Structures are given as C-alpha cells and as structure tokens.
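The values are calculated or read from the model by the stated rules, or taken from the named source; none is laboratory data. Note that the coordinates shown come from a computational prediction; the quantities given were computed from them, not determined experimentally. With ideal geometry, Cβ positions are generated from the backbone for all residues, glycine too; neighbour counts draw on all protein chains shown. Areas reflect the complete protein model, heavy atoms only, side chains present, ligands, DNA and RNA absent. Shrake-Rupley method; radii C 1.70, N 1.55, O 1.52, S 1.80 Å.
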Amino acid sequence: MTADILHRPHRVWRLGADIDTDALAPGHAMKHGIDVIAKHCLEAVRPEFASEVQPGDVIVAGPSFGIGSSREQAAAVLVQLGVAAVIAPSYSGLYFRNAFNLGLLLLTCAEAETLNDGERIALDTTVPVVVSPGGARLACEPVPGFLMDMVRAGGLMNQLRQRGGSPDPQKASNV
Amino acid sequence: MTFNVPGRALAQTLAQKLIARASGRAQVAVGEIVTCGVDMAMFHDSSGPRRLQPMLEELGAQIWDRSRVVLVMDHYVPERDDDSRRIVRIARDWAREQQLPHVYDSQGICHVVVPQHGHIRPGMLCVGGDSHSPTGGAFGAYMFGIGSTEMLGVMVTGEIWLRVPETIRMWWDGALPAGVTAKDMMLHMIGRFGMNGGRYQAVEFAGPAVAALSMQERMTLSNMSAELGAQAGLIAPDATTAAFLAQAGAPPVDMAPWFTDEGAALTHHRFDAATLEPYVAAPHSPANAHGVSRYLGTHVDVAYIGACTGAKLDDLRAAAQVLRGHKVAAGIRLIVAPASLHDQERAREEGVLQVLMDAGAELFPTACGACSGYGDPMGDGITVISTTARNFKGRMGSPTAQVYLGSPYTVAAAALRGCVTDPREVLA
Ligand code: SF4
C-alpha cells in the first residue's frame, strides 16, 4: 500500500458496534488458508462484503471493533481483501496489536459513526484525519511513525524481511 | 510528549512507571503508543524454537542478546511419541547451536521455573511466548504474552511496541479465612467480570489481603489475569518479593520506585477477603464461577493437582493439609503433577509429598501434562476437578470430559469425599 492510495477517495463500508473476530474470520473457515477465510469475511453481518469490496475501500464501525479471540486472521483477512483502513471510535486491545503487526491501519476516530455507508471519503494519514464527503475533517488519534512504517511495509514480518534481519537504528527515535 | 515539571509530576500507575522506564521516558500517558526495550524474553518448546528457528534462518538474523533469552522445555516433556520427540529435539538442538545461556529442560513449567531462577525482577519489561505470561507481573515487572511473529521481532530487534494501558485496580480488604486462597479470589473476580473483564488493560492487585499473600499465591493471581482478559496482572513488590528473589539468587533490586501513586487515574474495584468462600468454576468456562455451595455433592472421577496455576509448593502444602492422615475416596484418582522440580524436592523434604502419596496420589512429571491435554489426557465422559486455569471444552483432552476448577484445598477435599466438597468442612 502506498501513501498515494491513502489519499484517493475511499468507499465506506459502514458497520455497527462490537464487530467481533468471529464475524471477521468465521470459526468454520479457520482451518483454511487466508484466501478462503477472506471469502467468508463478515458474511454474518454483510453477506455481499467479501465479493464486492474493492482494494482501497475502508470499514467504518462503531466502538469495540475486533473484540473476541486473539486470532490474527481477523486482521489478516482485511489486508487480504485490500481494505485501506478501519475507522472506529475504539478497538479491542489485542486486535489493535494484531492489526498493525499484520499491516492493517486502524484509525481511532471519535466521530467515526457520523459517516454513512457507500460514502466516499479521503484520508490524510499524516495528521491523521478523515475528510467526509461534505468536507468535515474528523480528527483521529495520532499513529506513531514507526507503526505507519509497519503498515506501509505490510506488517512486522515484511518489515523484518526488508531490514534483512538487522535492527533499524531509526526505530527508537521515530517514537 | 509529556513534560516532567519538577514537583508537579503527574500521578502515575505502576503500569505507566514500568512502561516509561522501558521506553526511556519520564512519564507516559494512557493510550500513548511507545516502543519499549525488552529486558527478558521467555518461550517454551511449543511456542519457541520450532517456530522461531525457521523464521530467523529465513531472515538471516541473529538473536539480539542471548543473555536476555530464557528457554524452558515443559509442554512436550517427557516425550511420549514421535511428534513430541521431534519438537523437543528441535528445541534442544537449537539451544545448543545458539549457545543459549538460560535453558531449563524438564525442570518444570516455565511460569514457575523462570521466576524461581530470578529472571523476573521488579522494574523489568518482559515478554513471554505463552498466554499465562502475566504471571511475571507478581514480581512488579510488566510482563505479557505475545505470538510467534512478535517474538521473532523481539529476537531480532530487542524491542516491542505497546499501547500504554489503563489500570483496573482490584483492591482486597480484610484477611482470607482458612481454606480460602488466591485461586478463589481469582475465580470470584473472573466470575464477576467475565473473561473480557480486563479489556486487555493492566490489572493491579492490591490491598491488605494481597500484601498478606505468599509470593506463590501472588503468582496465582497474576497467572489467571489471562482468564480475566488483561494484558498484564501487576502486584507492587515488597519485602515478600525481595525475600523470594534473594532465595532465587537474583541480584538485589531497588523496589522503591515500583508502586501506583496516590491519585493516579484508574478504575477501582473493592472486595472483602474475609467474607470470600471457596469458589468453583463449572464446565466449560473459568467465568462460570460460583461459591462452592452451589456444586456440593457433584460426583468427580479425577482430582488433578497440576499446572503453573495450581501445583506450586504452596498449592501442594494446601492439598496436604486436607489429606494428612486420610485416603482418597474409593474409585477416585488423585493426580499430582508438581509445577517444578524445585517445588517437588521442597515438598519431599517437608514431608508434604509423602502425605499426598500416603493418601493415594499418583505422582506425574513436573510438566504441563494434562493441563493442555498432553500426555495422559482425561478420558471420555469423566468428571474432573482441577487446580488448573482453564476448563474449556476439550482442554484436558476429551471434549466429553466435564472439568471443574477449584483451589488445591477444594480439589483435595473432592478427592477425599469423591464429590465437590467445601474444604472448610474437611479442615475443621
Ligand atoms: S501448566 Fe497449563 S496453563 Fe501453565 S503453561 Fe503449561 S499448559 Fe499453560
């Protein structure tokens, strides 16, 4: 994912509160690879989501997104489907960890629920801010530079790969 | 960035102070994301080498600091089949190849063995490749569990990122009555708040009833913070901590900085230890917990005293107090799998082990064993009462087994009578 994509308009998939890891990565599909799990992503809440979602789309949800189990696939499916970001007022703590480590951008936005399904929004990840179709700028909690780097790299594992195994001297100073 | 104005420093929780130190800050704010240096990383035969070795090789990377790595073989020992032999062999070969200085092979369960060798000390930030890693919080260290990819990151960089947690303080007034333990406190809290009650924040156990607990009882509290859904389960260190660490041969540490400031922002829950009764969690969740009176008379087939949660020296002593001079009920199996060799030997010296054997206990290896369904899984359709931390369906082997959780007193009392029993009746 490049910063460029993040600045183009993103279609909103609007979901409710308490979207859990079982909705994102259904238990019955867990024995399969991530490509198969992705086909079942959110089938219980938005049956058309997995087939219609386009790379660059965003999920906008209510509070406590990603509650439930520690399964990493619940974040990996959204990366697999090309979701550019999740925007919600709050996340499960464990989901928050897993998402960034797998390269999924989570924006914590108090006013997320003012956005509507199907709308096109812009993201400025440097501030970060969500710009609604009407031009309203919804502030998000800051995401440290090293986590944005992890998102751009496609997760911790890719980042370690790119680094060729040697520690990044910049990392600590980025905080 | 928070500025530390002399004389006007913001009140901080113990969790904030530990994370601030590890991230090289004067203070950190709740919700802030910081990178921390890791003081100690622990993993076992199941979570460690067999996953880390291929990934490290792919990266061509070296371990950042071998002196800060501790490897414990506890999940697949003693080896009983080809799979376990292979997994343990990978761990042993890798330990030799990497010349790891701290390896504990078949010495006991990681969460008990690692602190018993002084590797977890107040003020440290530690990670563990196991979900019960919050156990280390009993020593005033910030310790939490991570997956294998994150552990790889730690192995390569020596760092990990964290979102500074809120603190949920569990304050226990009063004193525990005889026959009531840290395990009962935990089952009570998990029953009340549920398995997500900790919201992946830091739980801190405090108050006179916590201060009065032995080090091993405190470890039981922190251990089951995992079942409370917390990232960490902290207890401020004190003289009890210092005495335990001195015995473990740890270098002396300054305990003074590691406490929650008065006035620090936190969620506070208050409990009365004096009125707590023994607790039992019924199948199939630790949150399905109620006072023992609700389950009195439930028939059991197996009483299991094992795991990092419930087979430390203090747990064995508690069981012996119930069983001294008695025999287990006819047809009941009592299995004892001490949490570490160290504790097993101490129990032997004290005569505690003999009391248990005389009562009819079968002694199992000092390893995870049946706790995670390995080795001698419980049979189909049987009812087990266990000192372990989890009773999910199938956890101890068979999906048709019914597993109840209780303290070592409660489990020993059930062994004696052949059914769920209030241990206070037997102790009286
Ligand atoms: S004894 Fe049980 S809970 Fe403890 S580390 Fe082993 S498997 Fe996990």
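Across segment A:116-123, computed HN-Hα scalar couplings (Karplus, 6.51 cos²θ - 1.76 cosθ + 1.60, θ = phi - 60°) run 10, 4, x, 5, 10, 10, 10, 10 Hz from first to last residue, x flagging Gly and Pro.
What number comes out for the charge environment of B:PRO252, summing +1 per Lys or Arg and -1 per Asp or Glu over other residues with Cβ under 15 Å away? Computed value for this residue: -1.
May I ask you to derive the FRET efficiency for B:ASP82 and B:LYS393 from their Cβ-Cβ distance with R0 = 25 Å, giving the value to the nearest 0.05? Show your work: numbers first, answer last.
Numbers: r = 27 Å, r/R0 = 1.08.
It comes to 0.40.
What aspartates and glutamates could a cross-link reach from A:LYS39, if we take a straight Cα to Cα line under 20 Å and drop same-chain neighbours fewer than 8 places away? Candidates past the 8-residue exclusion: A:ASP20, A:ASP22, A:GLU48, A:GLU52, A:ASP57, A:GLU72.
Taking amide H positions as modeled 1.01 Å from N, with prolines and chain starts lacking one, the residues under 5 Å from B:LEU334 and 5 or more places away or on another chain are B:ALA303, B:GLU362. Taking a straight line from the alpha carbon of B:LYS183, these aspartates and glutamates sit under 19 Å away, with near neighbours fewer than eight places off in the same chain left out: B:ASP173, B:GLU204, B:GLU217, B:GLU227, B:ASP272, B:GLU277, B:ASP314, B:ASP315, B:ASP343, B:ASP422, B:GLU425.
Average the reciprocal distances over every distinct pair of alpha-carbons in chain A, invert the result, and give the Kirkwood radius in Å.
About 16.2 Å for chain A.
The DSSP beta bridges internal to the protein assembly as shown are antiparallel in roughly 25% of cases.
Stick to the Cα atoms of segment B:17-141, pair each with every other, and give me the Kirkwood hydrodynamic radius in Å at one decimal. Don't skip to the end; give the middle numbers.
Details: mean 1/r = 0.0642 Å⁻¹.
Final number for the Kirkwood radius of segment B:17-141 is 15.6 Å.
Please give the per residue accessible area of the protein assembly as shown, computed with a probe of 1.4 Å over protein heavy atoms only, in Å².
Values: 22300 Å² over 603 residues.
On a per-residue basis, the protein assembly as shown sits at 37 Å².
Could you grab the relative contact order for segment B:360-403? Cα pairs under 8 Å, six or more apart, rounded to a whole percent. Intermediate results must be reported in sequence, preceding the final value.
On the way: 59 pairs, mean separation 17.3, N = 44.
With pairs under 8 Å counted, the relative contact order is 39 percent.
When both bridge partners sit in chain B, DSSP labels roughly 20% of those beta bridges antiparallel.
Taking all Cα pairs closer than 8 Å and separated by 6 or more residues, the relative contact order of chain B comes to 17 percent. The phi-based Karplus calculation (6.51 cos²θ - 1.76 cosθ + 1.60; θ = phi - 60°) puts the 3J(HN,Hα) values of segment B:18-26 at 5, 6, 4, 4, 5, 9, x, 10, 6 Hz, whole numbers, x for Gly and Pro.
Determine one quarter of the surface area of the Cα convex hull of the protein assembly as shown, which equals its mean projected area, and express it in nm² to one decimal. Spell out each step's value before the answer.
On the way: hull surface 108.2 nm².
If I average the Cα hull's projected area over directions, I get 27.0 nm².
Computed over the Cα atoms of segment B:245-316, the ratio of the radius of gyration to the Kirkwood radius (Rg/Rh) comes to 1.10.
In segment B:174-266, inverting the average of 1/r over every pair of distinct C-alpha atoms gives 14.3 Å as the Kirkwood radius.
Once the Cα-Cα distance is subtracted from the 0.36 nm per residue extended length, the B:ALA243 to B:GLU362 segment shows a gain of 39.6 nm. Full extension of the chain between B:LYS327 and B:GLU350 yields a length gain of 6.3 nm, computed as 0.36 nm times the residue separation minus the alpha carbon distance.
Spin-label model, A:THR114 to B:ARG92: label points 7 Å out along the Cα-to-beta-carbon direction sit 6.5 nm apart. Using the Cβ of B:GLY207 as centre and a radius below 13 Å, the other residues enclosed give a net charge of -1, where K and R count +1 and D and E count -1.
If you build the Cα gyration tensor of segment B:98-252 and take the root of 5 times each eigenvalue, what three semi-axes come out, in whole angstrom, biggest first? Display every interim value, and only then the final one.
Values: eigenvalues 126, 77, 36 Å².
Taking √(5λ) for each Cα gyration eigenvalue gives 25, 20, 13 Å.
A full extension of the chain between B:GLU277 and B:LEU10 corresponds to an added length of 92.2 nm, given 0.36 nm per residue minus the alpha carbon distance. Among the trypsin sites (Lys or Arg not before Pro) in segment A:23-79, those placed in a DSSP loop whose Cβ has at most 11 other Cβ atoms within 10 Å are A:LYS31. Contact order normalised by length for segment A:1-88, with contacts defined as Cα pairs under 8 Å and 6 or more residues apart; what percent is it? Here the relative contact order equals 39 percent. Modelled this way, with points 7 Å down the Cα-to-C-beta line, the labels at B:ALA211 and B:GLN99 are 4.8 nm from one another. Just to confirm the number: angle between the C-alpha axis of helix B:313-323 and the first principal axis of chain B, 0 to 90 degrees, nearest 10? Result, in degrees: 20. Couplings 3J(HN,Hα) for segment B:228-244, derived from phi with the Karplus relation 6.51 cos²θ - 1.76 cosθ + 1.60 (θ = phi - 60°), are 8, x, 8, 6, 9, x, 9, 9, 5, x, 8, 4, 4, 4, 4, 5, 4 Hz, where x marks Gly and Pro. The P(r) of segment B:314-386 has a tail past 20 Å containing 31 percent of all C-alpha pairs.
I want the local charge near B:PRO399. Using Cβ-Cβ distances under 12 Å, sum +1 for each Lys or Arg and -1 for each Asp or Glu among the other residues. Display every interim value, and only then the final one.
Numbers: positive: B:LYS393, B:ARG395; negative: B:ASP380.
In short, +1.
If I compute solvent accessible area with a 1.4 Å probe over the protein chains, what percent of it on segment A:35-126 is carbon and sulfur? Intermediate values should be presented prior to the final figure.
Numbers: 1610 of 3240 Å².
Carbon-and-sulfur percentage of accessible area, whole number: 50.
Which of the three applies to segment B:279-346, rounded, prolate or oblate, going by the alpha-carbon gyration tensor with a ≥ b ≥ c and a/c under 1.5 meaning rounded? Oblate, because a/c is 1.5 or more while a/b does not exceed b/c. Taking 1.567 mPa s as the viscosity and 4 °C as the temperature, the Stokes-Einstein diffusion coefficient of segment B:250-400 based on its alpha-carbon Kirkwood radius rounds to 74 µm²/s. If R0 is taken as 22 Å, the Cβ-Cβ distance between B:GLN62 and B:SER106 corresponds to a FRET efficiency of 0.20.
Where in segment B:35-97 are there trypsin sites (Lys or Arg not before Pro) that are in a DSSP coil and have at most 15 other Cβ atoms within 10 angstrom of their Cβ?
Sparse-neighbourhood loop trypsin sites (Lys or Arg not before Pro): B:ARG80.
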